[in-house]
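See below for the structure under consideration.
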Amino acid sequence: MYDIVKIVREQIGYTELSDGWTKYGQWYADNIAKHQAFATAPWCAMMLSYCANEAGILDGDIFPNTSPAGSSCPTMLKWFEEHGCRYPASELPMVGDVVFFSWDSKRNADHVGIIDRVSGCLPSECVIRSVEGNISNKVITRSIDYTDNRVLATVRPKYKTTYDDALTTMAQMCIDGFMGGGDERKRLLYDAIQGRVNELLM
């Protein structure tokens, strides 16, 4: 999980060319869709697919590795739902979760990003920061209230890691500032462990 968040962060500031071409779309066209039209297509979801591939988790289990699930926000959300990854708005989001946005009252998945920072101890007061592609033709960060109507859904990919790897990852996330400090860090670390406990008991 930490790897993809780190890779996504490294994309911040990337800008598409004047004709809409991006390295994400070209990679997707060459490796997934096998159609050059994707090289200049809307690319928020393809950016995540590209980063998942760079992180070694574009395997059809953690992230979708077929088209259109890797390029279409509605289809990507459906794929995660079918794989049991969507969680209710009453549950606090975590770093590494994928967030889908809707821009109108139709409540369709219009856009997607990945959460790289969380603040607040309750869903009602939580603010998430997400890294998103294809906003004003760039990769940007957005800070938004978790309860904002534009936040349509959050999903937690089934990241795979060993126990030692998990501890190392969480420690490195603390060092790199993903977990905040003080009570916020304690809450995030507790939620990470308790969430897995709850999953194992289901």
Open item on the list: Please determine whether any residue of the range 80-96 is touching a helix residue (DSSP H, G or I) at 6+ places or on another chain (Cβ under 8 Å), open to solvent by less than 60 Å² (accessible area, probe 1.4 Å), on the phi > 0 side of the Ramachandran plot and of a type in the set (Gly, Ala, Ser).
Closed with: yes
Task: Count - residues of the range 97-117 that are open to solvent by 50 Å² or more (accessible area, probe 1.4 Å) and touching a His at 6+ places or on another chain (Cβ under 8 Å) - done: 1
- [ ] Could you tell me which residue of the range 141-158 is nearest to Asp3 (Cα to Cα), considering only residues that are open to solvent by 40 Å² or more (accessible area, probe 1.4 Å) and more than 13 Å from the chain's Cα centre (by Cα)?
- [x] Ser143
TODO: Could you tell me which residue of the range 58-93 is nearest to Tyr24 (Cα to Cα), considering only residues that are touching a residue at least 60 places away in the same chain (Cβ under 8 Å) and aromatic (Phe, Trp, Tyr)?
DONE: Phe63
Task: Enumeration of residues in the range 38-72 that are farther than 14 Å from Thr22 by Cβ, among the hydrophobic types (A, V, I, L, M, F, W, C) and surrounded by fewer than 24 Cβ atoms within 10 Å (Cβ to Cβ) - done: Ala55, Ile57, Leu58, Ile62, Ala69
- [ ] Look at Ala89 and say whether it is aliphatic (A, V, I, L, M), more than 20 Å from Val131 (Cα to Cα) and more than 15 Å from the chain's Cα centre (by Cα).
- [x] no
Open item on the list: Can you report the number of residues in the range 1-37 which are in a loop (DSSP other than H, G, I, E, B) and open to solvent by less than 60 Å² (accessible area, probe 1.4 Å)?
Closed with: 6
TODO: Considering only residues that are out of contact with any helix residue (DSSP H, G or I) (no Cβ under 9 Å at 6 or more places or on another chain) and among the basic types (Lys, Arg), look in the range 124-158 and name the one that is nearest to Tyr87 (Cα to Cα).
DONE: Lys158
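The values are calculated or read from the model by the stated rules, or taken from the named source; none is laboratory data. This structure is a prediction, so every number in the text was calculated from the model and none was measured. So basically every Cβ, Gly included, is an ideal-geometry build from the backbone, and we count neighbours across all protein chains shown. We work out accessible area using only protein heavy atoms, side chains counted, and drop any ligands, DNA or RNA first. Shrake-Rupley method; radii C 1.70, N 1.55, O 1.52, S 1.80 Å.
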